[in-house]
Every structure is written in C-alpha cells, then in structure tokens.
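The values are calculated or read from the model by the stated rules, or taken from the named source; none is laboratory data. Not measured: the values here are computed from a predicted model. Glycine gets a Cβ as well: all are built from the backbone with ideal geometry, and neighbour counts include every protein chain shown. Surface accessibility is based on the protein's heavy atoms, side chains included, excluding ligands, DNA and RNA. Shrake-Rupley method; radii C 1.70, N 1.55, O 1.52, S 1.80 Å.
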Amino acid sequence: MSSQKQRKELQKNIWEIANRVRGAVDGWDFKQYVLGTLFYRFISENFSNYIEAGDESINYASLKDNVITDEIKVDAIKTKGYFIYPSQLFSNVAKKANNNESLNTDLATIFSAIESSANGYPSETDIKGLFDDFDTTSNRLGSTVNDKNRRLAAVIKGVEDLNFGEFEKNHIDLFGDAYEFLISKYAANAGKSGGEFFTPQAVSKLIAKLAMHGQTKINKIYDPAAGSGSLLLQAKKQFDDHIIEDGFYGQEINHTTYNLARMNMFLHNINYDKFNIALGDTLREPHYVDEKPFDAIVSNPPYSVKWIGNEDPTLINDERFAPAGVLAPKSKADFAFVLHTLSYLSSKGRAAIVCFPGIFYRGGAEQKIRKYLVDNNYVETVISLAPNLFYGTSIAVNILVLSKSKADNKIQFIDASGEDFYKKETNNNVLTEEHVSDIMSIFKKKDNRDHVAESIEYYEIVKNDYNLSVSAYVEAKDTKEVIDIDELNKEIKTIVGKIDKLRNEINKIIEVIES
C-alpha cells in the first residue's frame, strides 16, 4: 500500500472511530484515546516480536502468563524498558473488548502494570506516567460503566482494524499522521486550554535538515520545547541512525504532550536508553545542563508567551542570558528560548528555531539581544515562510538558523513566502518535498537570487539598527503589470481620433435630421 493510500485509510478509520464516540468525548480530548490506543497496540506488537525473536514456532500472545519466568521478565525489562504479560497484550484485550463488562478497569490495571514493571530499573523515568492521559474511568467516556466500556471498545476495535503490517515498516508516520489529522479536524480547540503545539511534518523536515546540514555525525539532538517530539523524530527519519550517536533529548512543560513525546519515541522504535524527555519549564528549570553542548538543536517554542523575565533578578546572571546583558521582555519570551538554545549549542553545531516575525524588528530589549547575536556572528540565516502553514494560526512564521562556526560575517535572508514555495490546500498551505528541497538548496549555496535570497554584510545590518526582518533585505517581487507609456499614449491617441471621427459623423446625421 502506498503512503498516500495508507494515510487516507488511517484518516478514514480514525474518523469512523470518532463518529462512534461522538457526543461523549470532546474532539480534542478524543485524541488521547486514539493515540494512547495506537501506542498500546504498538508496544504490545513490538514486545511480542522481541520475545518471539523471529521464531515462527513461538506465539507469545497464546502463552499462559504463568509460563513466563522471572529471568525472561528481568531480561526483557533491561532490554525493552518494560514488560507485558501475554494476557495484557493489545490483541488479547481487543478480542474480548465488546463483551468485557470490566474493560475500563482491566485497561487501567494493565496500564498500571506496564508502567510499574520498570520500577527500580534504568527505564523507570521513561515509562512512568505514560498512560496518565488515557483515563479509562473518566466521565468524559460516559456516566455509566456500560457507556465507558462501549466507547473504549469502539476505539480499541477501530485501532485493531488498522492493517498496515508492522508499525516500523509503514510508509507513513502513523502517530504523527494521526495527530496531524486530529488537529486538522479540531483545530479550533487544539491547544486552547492545554498549550499544545504541533509542527506540521513538512516544516519539521525542513527544520531537521537545516539543523543537521553538513554534519556527517552529531553527538546528540535536542529540542527545548519538544511538544509531541515531531521535530526530534524528523531528524531520525531524515538521517541514518548512526549519525545521531548519543540519542534524542527534549524538555516539555505540558504534561499531555510530554507523555505523547515519550510514546512517540517508543512508537518510532527508539529504545528507552536512546532518548531522554524531561517534564518542566525550560526557561525556569532547564534540564540537561550536564549533557550540553548539543551538535544539533531543533525547536518550535510557543510564540510570545509570558515569562517571569526581570521579576527574577537572578536570571540576568544565568549563563544562558548573561552574555546578552538583557532579558527578553516579560510579555514575550521568544528571545529567552533563542538564548537558551544558543547556550546549549556546540561550537560546530547548528540550531533551527521557528520564531514569531516581530522579534526580528521590534526595539527595546529584543533589539539589544539581536545586537548581541549579530555582533558575535551567531546568526547564519533567517527564512520567512508562507502564511497559514500551521494549524490554528495563519501567521507567516520565520526560521532562525544559529551557528557558532560561520565562515564569514554575512547573514543570509531567504524569502520563502511566495507562491513558488507552498501549495494551497483547502484549509492550510503546505510545503511539499520539492519546496523543502528548493529552500535547502538556496540555504546551502548562499547565492543571491532576485526577490528570494540575499546575503548581507555585517556592517549593513549594523547600519540598519540590527533589523533582521527578511523584507528589509530581500526586495519583494513587483507583480504589477509593466506598462509601456509610449505604447499607451499611441493607443490613447488612436482612441481619441476614433471618438472625434464618430462625433463628426453623429453631428452630420443631426444636421440632416434638423434640416
């Protein structure tokens, strides 16, 4: 099955599941049950494959729980990070789902057992709380046990019907596509209360390519505002596993998306010892201070959110912010994320950050931070993208590329907001593979191109008060029709002559009539 057919089949099945539980579970909350069930099915099948190890004579799902020895269990937890008994597998639960009067409590018990299987092992923090948002006893599923069970069974049977073979061999990003489809359907509610953010896969692909361009290997990759982990996973998808030597790191403040990010790692077959996702406020409580620097950083931090800023006088001495000599405004934390990212970046690495356009031209503290970045030659490229690429906002965002190893002191500006750089679809504009390739080609070559790209000398940036807006350096294409004045005057003269001739003829006719 082609990737396009797989994606359509996935969307069709998810929408059918949504229709079965419609009216009980809010659309945006509903995603937790779909994604959680996808994850449950995946780890069940992945764990079975591990135990069976390609031996066709073994069918783990058909075994009795009591034949599993402690030795097998301990070995599995040390390798996979968790343990699932045969009776707890998704396939066995799905078989009885429609007739199981205690389905909701059985699922809660199974999820708790899977999480607690890691207690006391190195994987404990990676597994703990993974199913917190899959609340099988929630009144959102219905007021009675029967209602809860009926809707849970509908989700489970719907996910069971997905027939894509082995998850890791799919042509599509199953989890990412499911998430993106649900966001497109419930964009009005997406993130309203939870602060959840999602980067479309094509934009994630561009960001990953920018951050890892020219590197044959990197120590590790990091996202300080990890969301559901889509940016980190695009890096894995775009590059061979061996290029990212020491794994994937991220921090996320929202508990729901923190859990989704960890699920996403497992779903993409990244073992617990190869990823480290932390829960917490990156700006106030940064993790991985001992793990830095990172050779590649990708990020789509929340746009212009409030933060404590200068209300905390100790922050001006923080090693992340002190070099700039000023803190980002309390009402706009954008540059706080940028400075945090820069401080975690290695001397050979690159960071690609999605940014709100206003930070590139506003005055005050933000101008002072731009001055620090430009004077120290950290800004490699600023790219403006087309509007309406992201769900829930029509903003035409920018991508800021930072580097500590630039070969010159020029800054490249790319205007990728024109019609040549996006495809218009019903609800959103999209980047295609061709658009991503075109932008990367311009980024690599650093050549000037009329109305698209300009590399500007340092002194020109200084002269322009450290304005880093793409529109300040790349002249917009004039789409107005070019008019030849001489030709126009000739046409006017001809028309006037015809009018005069007609008037004369009309006057003659009138004279005849009056006589």
- Equivalent ellipsoid semi-axes, the stretch 1-137, via Cα gyration tensor eigenvalues times 5, rooted, Å: 27, 19, 16
- Would you please give the FRET efficiency between Met440 and Thr216, computed as 1/(1 + (r/R0)^6) with r the Cβ-Cβ distance and R0 = 22 Å, to the nearest 0.05? 0.85
- Task: For the chain, report the translational diffusion coefficient in µm²/s to the nearest whole number, using Stokes-Einstein at 10 °C, 1.306 mPa s, and a Kirkwood Rh over Cα pairs.
- Result: 62
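If the only charges are +1 at each Lys and Arg Cβ and -1 at each Asp and Glu Cβ, what is the size of the charge dipole of the stretch 426-514 around the Cα centre, to the nearest 20 debye?
For the stretch 426-514, the charge dipole is close to 100 debye.
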- Quick one: compute the contact order of the chain, relative version, from alpha carbon pairs under 8 angstrom and 6+ residues apart, as a percent. 11
- Task: Using only the Cα atoms, work out Rg/Rh for the stretch 214-352, with Rh taken as the Kirkwood radius, to two decimals.
- Result: 0.97
- Task: Mind giving me the nanometre distance, one decimal, between the label points for Asp161 and Lys498, set 7 Å out from Cα along Cα→Cβ?
- Result: 6.6
- Query: Taking Cα centroids, how far is the stretch 363-434 from the stretch 219-282 in Å?
  - Reply: 23
- How large, in percent, is the carbon and sulfur part of the accessible surface of the chain at a probe radius of 1.4 Å? 47
- Message: Can you tell me the length gained on complete extension of the stretch Glu475 to Leu488, counting 0.36 nm per residue apart and subtracting the Cα distance?
- Response: 1.9 nm
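In Å², and per residue, what accessible area does the chain have when probed at 1.4 Å with the other protein chains present?
Accessible surface, normalised per residue, equals 48 Å².
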- Query: With point charges of +1 on the Cβ of Lys and Arg and -1 on the Cβ of Asp and Glu, referenced to the Cα centre of the stretch 315-443, which listed residue (Asn388, Ala407, Tyr378) lies farthest in the positive direction of the dipole?
  - Reply: Tyr378
- Here the relative contact order (percent) of the stretch 414-515, from C-alpha pairs under 8 Å and at least 6 apart, is 21
- Item | Inter-label distance, nm, simple model (7 Å from Cα along the C-beta direction), Trp15/Val74 | 5.2
- Residue-level accessible surface for Lys8, protein heavy atoms, 1.4 Å, Å²: 130
- Message: Under 20 Å between alpha carbons, and skipping anything fewer than 8 positions from Lys5 in its own chain: which aspartates and glutamates qualify?
- Response: Glu16, Glu160, Asp161, Glu166, Glu168, Asp173, Asp177, Glu180, Glu425, Glu433
- Item | Spin-label pair Ala53/Glu514, simplified geometry with 7 Å Cα→Cβ offset, distance in nm | 11.5
- How would you classify the stretch 366-476 from its alpha-carbon gyration tensor, with a ≥ b ≥ c the square roots of the eigenvalues: rounded for a/c under 1.5, else prolate if a/b is greater than b/c, otherwise oblate? prolate
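Tell me the GluC sites (Glu not before Pro) within the stretch 15-116 that lie in a loop according to DSSP and have at most 12 other beta-carbon atoms within 10 Å.
Glu56, Glu101
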- Percent antiparallel among DSSP beta bridges confined to the chain, nearest 5, equals 45
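Fully extended, how many nm does the chain gain between Ile506 and Thr432 (0.36 nm per residue separation, minus their Cα-Cα distance)?
Full extension from Ile506 to Thr432 adds 20.4 nm.
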- Full-extension gain in nm, Ser143 to Ser347, via 0.36 nm per residue minus C-alpha separation: 67.7 nm
- Item | Sparsely packed GluC sites (Glu not before Pro) within the stretch 260-353, loop by DSSP, other Cβ within 10 Å at most 14 | Glu319
- Entries of Lys237/Lys371; Lys8/Lys348; Lys237/Lys330; Lys12/Lys237; Lys31/Lys237 with Cα pairs more than 31 Å apart: Lys237/Lys371; Lys8/Lys348; Lys237/Lys330
- Task: When a/c is below 1.5 the answer is rounded, else prolate if a/b is larger than b/c, else oblate, so apply that to the stretch 312-390 with a ≥ b ≥ c taken from the square roots of the Cα gyration tensor eigenvalues.
- Result: oblate
- Dipole magnitude (debye, nearest 20) for the chain, charges at Cβ of Lys, Arg, Asp, Glu: 540
